1. Pick from A:28, A:104, A:68, A:91: which is over 25 Å from residue B:52 (Cα atoms) and at pLDDT 95 or above?
2. Condition test on residue B:124, is it within 22 Å of residue A:84 (Cβ to Cβ) and either at pLDDT 95 or above or surrounded by fewer than 16 Cβ atoms within 10 Å (Cβ to Cβ) (or both)?
3. From B:113, B:61, grab the single residue that is modelled with pLDDT under 90 and within 11 Å of another protein chain (Cβ to nearest Cβ).
4. Out of everything in segment A:15-58 that is in a strand (DSSP E or B) and within 9 Å of chain B (Cβ to nearest Cβ), what residue ends up being surrounded by the fewest Cβ atoms within 10 Å (Cβ to Cβ)?
5. Name every residue in segment A:1-14 that is under 12 Å from the mean Cα position of the chain (by Cα) and more than 14 Å from chain B (Cβ to nearest Cβ), in order of residue number.
6. Checking the condition modelled with pLDDT of 95 or more and either within 14 Å of chain A (Cβ to nearest Cβ) or under 26 Å from residue A:84 (Cα atoms) (or both), which residue from B:43, B:35, B:52 passes?
7. Filter the helices (runs of 4 or more DSSP H) completely within segment B:29-146 down to those with at least 3 residues that are within 20 Å of residue B:9 (Cα to Cα) and more than 16 Å from the chain's Cα centre (by Cα).
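The values are calculated or read from the model by the stated rules, or taken from the named source; none is laboratory data. The model shown is predicted, which means the values in this text are computed figures rather than measured ones. We place every Cβ from the backbone using ideal geometry, glycine too, and count neighbours over all the protein chains shown.
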């Protein structure tokens, strides 16, 4: 399972980065590979390339504001969730997204 | 520096969220990090209204991005008593990280440090160490270890 995810929040100081860390830890514990792009006050970091999007099995947006350059993901099904939900329980979010993907 | 011993409080007595934010903002003002306590607090409270900054595990990270902040900063406080913060996990808060960032911050390093601290708040061991710390030096040591 290859996951790519984008995190973003209104001020881009705290939740963006907490959500990213939470997703990375949860994916690791579930044995999935993940790349998380943060769109915060520092700008875009760990940017996901078009190639990585194409190769991804699952796309997660943990964002409370519009994701920048969303057109990269236009051919993908995107699992959208609030950043705070990821901070609360990233594992449950990933598991739910994977379930939806498998039942599609 | 983002982390400064004058911006650390080990036994804050306030028992209401708004009071905690105001008291810590005044500390930042006294250290010249914030130019107006009222403007800064207003921004932080507006941010709180969007949704809670009680991120669980007894931690709150109130924050504001406004020109009332001179340079990116963090005030850290351990509260004497746990207080209500409408946290994601419903638990009361005893560790508060008040963050401030100017509208336009030229200093990426400061933002990098704040983002790294935010990431570490997911780490239970890190949070546990902070909660057990007894002195400002200890707190600074833990925060600088990131």
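1. A:28 is the lone residue from the list that is over 25 Å from residue B:52 (Cα atoms) and at pLDDT 95 or above.
2. Answer is yes for this residue.
3. Checking each option against the conditions leaves just B:113.
4. Among those residues, the one meeting the criterion is A:43.
5. A:2, A:3, A:4, A:5, A:6
6. The unique qualifying residue is B:43.
7. B:124-132, B:136-144
Quick grid of which residues meet (1) part of a helix (DSSP H, G or I); (2) under 10 Å from the mean Cα position of the chain (by Cα); (3) more than 23 Å from residue B:87 (Cβ to Cβ):
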residue: A:65; (1), (2), (3): no, no, no
residue: A:72; (1), (2), (3): yes, no, yes
residue: A:84; (1), (2), (3): yes, no, no
residue: A:99; (1), (2), (3): yes, no, yes
